[in-house]
1. What is the Cα radius of gyration of the chain over 2.2 N^0.38 Å, N being its residue count?
2. With only Lys, Arg, Asp and Glu charged, each at its Cβ (+1 for the first two, -1 for the last two), find how big the charge dipole of the chain is about the Cα centre; round to the nearest 20 debye.
3. Among residues other than Glu14 whose Cβ falls under 15 Å from its Cβ, what is the net charge (Lys/Arg +1, Asp/Glu -1)?
4. Using each residue's phi in the range 30-37, evaluate 6.51 cos²θ - 1.76 cosθ + 1.60 at θ = phi - 60° and report the 3J(HN,Hα) Karplus result to the nearest Hz, with x for Gly and Pro.
5. Can you tell me the orientation of helix 13-24 relative to the chain, as the angle in degrees between its alpha-carbon axis and the longest Cα principal axis, to the nearest 10?
6. Can you list the aspartates and glutamates whose alpha carbon is less than 13 Å from that of Lys10, not counting same-chain residues fewer than 8 positions off?
7. Using +1 at the C-beta of Lys and Arg and -1 at the C-beta of Asp and Glu, which of Phe51, Asn68, Ser102 has the Cα lying farthest in the positive direction of the dipole of the range 2-103?
8. Relative contact order for the range 2-103 using alpha-carbon pairs under 8 Å, separation at least 6, rounded to a whole percent?
Amino acid sequence: MAKILYLIDKKYGEEGLKLVKAVNSSGKHEIGVILIQDGIYLALREKKQIFKLVEEGISFFATKKDVNMRGLSEKIDRTNIKLVEYSELVDLVMEKYEKIISYV
């Protein structure tokens, strides 16, 4: 089972979520998604889709600094999206996941 982390920015965010869903349908991978920079806005625009993907076992993260810089700390659904520091992002990239796919 491959461990894949998707880094998603707003510019290509919706397409990234479609790919995440397609790859997850195989059931052969452990998948994580981290929303960075303007990708944070996907947490609001794609709330229902993210909820469904979390129910399917996909982990979602968002960088705390990016959330706070955009004034969205009260609007992000922390039930489905874990806020992380940049140091934790580095740990996810370097230690937890084997493959990184970037939509930044």
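1. Details: Rg = 12.4 Å, N = 104, 2.2 N^0.38 = 12.8 Å.
For the chain, the normalised Cα radius of gyration comes out at 0.97.
2. Values: 18 positive and 16 negative charges, 56 e Å.
Its charge dipole is roughly 280 debye.
3. Values: positive: Lys10, Lys11, Lys18, Lys21, Arg45, Lys47, Lys48, Lys52; negative: Asp9, Glu15, Asp38, Glu46.
Computed value for this residue: +4.
4. 9, 10, x, 10, 10, 8, 10, 6
5. 30
6. Filter leaves Asp38, Glu46, Asp66.
7. Phe51
8. Numbers: 154 pairs, mean separation 39.1, N = 102.
Taking the mean separation of contacting Cα pairs over the length of the range 2-103, I get 38 percent.
Throughout, read-outs are computed from the coordinates displayed, never taken from laboratory work. Being a predicted model, the structure only gives us computed values, none of them experimental. Don't worry about glycine lacking a Cβ; one is built from the backbone with ideal geometry, like all the others, and counts go over all protein chains shown.
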